Amino acid sequence: MRRVLVCLFVLVFVTGPSDGMARRVHLSSEQISQLAQIHILLLTSSVRTEEGLVQSEALHTLVAKRFQELGFSVVSDSSASHDVEFRVFCEERKRFVGTTPGGGDAELEEAPDRLWNGPACRFRYHLNGVDLGWLTEVRGPSSDEKLGFRESGEAFEESAAFVSLLQEVARSEFPLLAMADWGHASRLATLLLDPDTPPAQQQLIVQQLAGFSTSTFLPNLLTVIQRQHFPVEAVEALASAGEEGLPHLVALFQDRNQLPMIQASAVRGIGRIYGTTGNRAAFEPMVEYLAEAVDTMASPDDIEFPVLTAVVWSLSKSRSDRVLGLLHRLQAKIWIYHDQSGNMQELREAVSAVSKFLDHVQL
């Protein structure tokens, strides 16, 4: 049982989570192509209050503006030509929407909350009349907060609760999340370098680009790294470029002038590429670092903990006798040091787990 748990732990660390797991609808190649060409949105919006459905011009205008700021055209007439229908549905008191979809939706911050009963807006889109399973939610103040619900006789659209909900919609990055789901990597990469793009949006864009397997935005990520804007996220996103991003990751890893957190991010990216391709160009730099660390280590002060820990985890798929031997030597050293720091604990756990995993696969 312990070996099974170790194998699962290593597998989760190496592969990592994927937002794409949350989708339950399979997309055809034609649908993927249509999503990539979206430019004109048909926007429909409605608000369900305690008295029934109403239309909110303020909500409609706000959502339209958010997309227009990103270069999309928005129409409200269903007879007008459009590429996709984007639906916004807000409720004064959110109703139960069923069980949580499988695939990790519960762990996503923007996923609908089944237990929420306060004001909320849900966003989804239909392509050619078909709901493709994308759904995100923005929540306002809950029912037990001061701004929870309106006063007696007050219209919901005029209440403090609705104003607060609109403020959350204005802050939410649902347009960027929709663009990422549509596969607009090039458009996101262009926005990344736009000086008018707020830092919070730039950071989210970098995180979303990590989910694409294309290398078209590689120069944009390198520019972000050079500018020291969100370097950790940008370095990790380089791994999504595959082997084309490998030389840049290796250069960042081997640059001793870089911050340890950036080197560690580069190692994690190298490990992802090595785990999927088995490229020796990814394997050798990590083994060389591990060997040098073991040979020169005389005390905990000689350890660059974030980097070495990342190297150990990233070598968990090596199947190499040399790596296993180095890990055994490292394990013998780090356990004799009287160091109970969090960094040392993490390193010991990594070495122990990976050593047991490699011992098992060698049998």
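None of the figures in this text is laboratory data; all of them are computed from the coordinates on show. It should be emphasised that the depicted structure is a prediction, and the values quoted were computed from it without experimental measurement. Quick reminder, even Gly has a Cβ in these numbers, built from the backbone with ideal geometry, and neighbours come from all protein chains shown.
All other residues whose Cβ lies under 14 angstrom from that of Ser45 are scored, Lys and Arg at +1 and Asp and Glu at -1, for a net of +1.
The peptide list 156-162, 275-281, 35-41, put in order of mean Cβ contacts within 10 Å with the highest first, becomes 156-162, 35-41, 275-281. For the range 242-363, the square roots of the Cα gyration tensor eigenvalues, ordered a ≥ b ≥ c, give a/c of at least 1.5 with a/b no greater than b/c, which places it in the oblate category.
Quickly rank 118-124, 186-192 as a protection proxy: mean count of other C-beta atoms within 10 Å, highest first.
118-124, 186-192
Computed packing ranks the peptides 327-336, 194-203 as 327-336, 194-203, most packed first, by mean other Cβ atoms within 10 Å.
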